[in-house]
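Written out below as structure tokens is the structure these notes cover.
The values are calculated or read from the model by the stated rules, or taken from the named source; none is laboratory data. All figures in this text were calculated on a predicted structure; none of them were measured in a lab. Using ideal geometry, Cβ is built from the backbone for each residue, glycine included, and neighbour counts are taken over all protein chains shown. Just the protein is used for accessible areas: all its heavy atoms, side chains included, with ligands, DNA and RNA removed. Shrake-Rupley method; radii C 1.70, N 1.55, O 1.52, S 1.80 Å.
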Amino acid sequence: MLEKVKELLQEVEKFVSKSEKETEEFRLKFLGKKGEMNALFAAFKRVPNENKKEFGEAINALKQNAQAKVDAFKGNFNTENENEEIDLSRPSSLDNLGSRHPISLVRNQIVDIFNRIGFTVSEGPEIEDDWHNFSALNLPEEHPARDMQDTFFIQTNPDVLLRTHTSSAQVRYMEGNKPPIRTLSPGRVYRNEAISARAHCIFHQVEGLYIDENVSFADLKQALLYFAKEMFGEKTKIRLRPSYFPFTEPSAEVDVSCNICNSKGCNVCKYTGYLEILGCGMVDPNVLENCGIDSKKYTGYAFGMGIERIAMLKYGVKDLRLFFENDVRFLKQFDKSI
Ligand code: DAH
């Protein structure tokens, strides 16, 4: 009998519970109505008197130890999911999925449209030098057209600046590649402008450049018409107005027909029926020569557009600042599918 009690004592000592269920099974086995303890207390009556003291102490110790184990493990486990199998194939919750920023959406769409006619993406640095941002683009020092773009200079070195346009990327591309060239350079640009509904000190542009033998203004016009229709719809018309940029000759500004009023005239297009979307022109031979390209053999066109401007027209956004505030109520409206 005593042997059996000692075995049970050892069992109690070794017991470690891994779940609430195991703790309960252990409790029933030792302390339950039909458990070991009750059986031992019943057996106690039949133990000869001379052994009663030793046997009684042993079973009391067993009972206390068993109770102590139950107390130690009870309530340590979360019972809720104990019997539930974990389903690893179950899809996770899709609740708080974000959406792409409208500027990224429009940027990707512009890149995609030009990819389809052979343009590939090349990017330049945001911190530029004078040569790539101005001089190589036919804007020598003291040229009055530099005033068109208020520049952030790095204070200690007037040769280092934040690029004012992505046209700097076309210079870098021409320096490093031989024609035929067909490249698109999206990116962030900086200008020292007061922040308002129509202007910001940071914004985004996409630059396009195509250089080969016999590239003509007609090629430029056709590429831009294709872009406008893809971006704003099949019925869109374009209009080119003569303009001036130091890096192109001839130069033009391009308008698209206002799709808000179907060119009838509204307050968005200021009753002109058209909205300006970009600047463009035939790359000035001086720029080609500055970048090591033979201007007798090659011609090319370039264009530059503001991504915010395209996004405002496409989505009817009236205040440019909304793109930079990252208010989720604004951001989550944009379609994830484009
Ligand atoms: N860089 C000009 C700007 O920021 C935009 C531009 C106009 C780019 C004509 C061009 C171009 O490549 O040919 O205002």
field: Hits in region 24-36 (condition: in a helix (DSSP H, G or I) and open to solvent by less than 60 Å² (accessible area, probe 1.4 Å))
entry: 26, 30, 31, 36
- prompt: From 224, 209, which residue is surrounded by fewer than 23 Cβ atoms within 10 Å (Cβ to Cβ) and within 12 Å of the ligand (Cβ to nearest atom)?
  reply: 224
query: Which helices (runs of 4 or more DSSP H) sit wholly inside region 37-135 and have at least 1 residues that are of a type in the set (Lys, Arg)?
result: 49-73, 102-115
message: Take residue 288 and tell me if it is within 16 Å of the ligand (Cβ to nearest atom), in contact with a Phe, Trp or Tyr (Cβ under 7 Å, 6 or more places away or on another chain) and either assigned by TED's automatic domain parsing to the domain that holds residue 196 or assigned to a loop (DSSP other than H, G, I, E, B) (or both).
response: yes
query: Restricting attention to region 195-204, does a residue exist that is within 12 Å of the ligand (Cβ to nearest atom) and either more than 15 Å from residue 281 (Cα to Cα) or touching a Gly at 6+ places or on another chain (Cβ under 8 Å) (or both)?
result: yes
message: Restricting to region 283-338, name every residue that is surrounded by fewer than 16 Cβ atoms within 10 Å (Cβ to Cβ), under 24 Å from residue 113 (Cα atoms) and of a type in the set (Phe, Trp, Tyr).
response: 315
- request: May I ask you to verify whether residue 242 is in a strand (DSSP E or B) and open to solvent by 40 Å² or more (accessible area, probe 1.4 Å)?
  value: yes
task: Restrict the check to region 247-259 and report whether at least one residue is crowded, with 17+ Cβ neighbours inside 10 Å and touching a residue at least 60 places away in the same chain (Cβ under 8 Å).
output: yes
- prompt: Considering 121, 160, 189, which residue is within 13 Å of the ligand (Cβ to nearest atom) and in the same structural domain as residue 317 (by TED's automatic domain parsing)?
  reply: 189
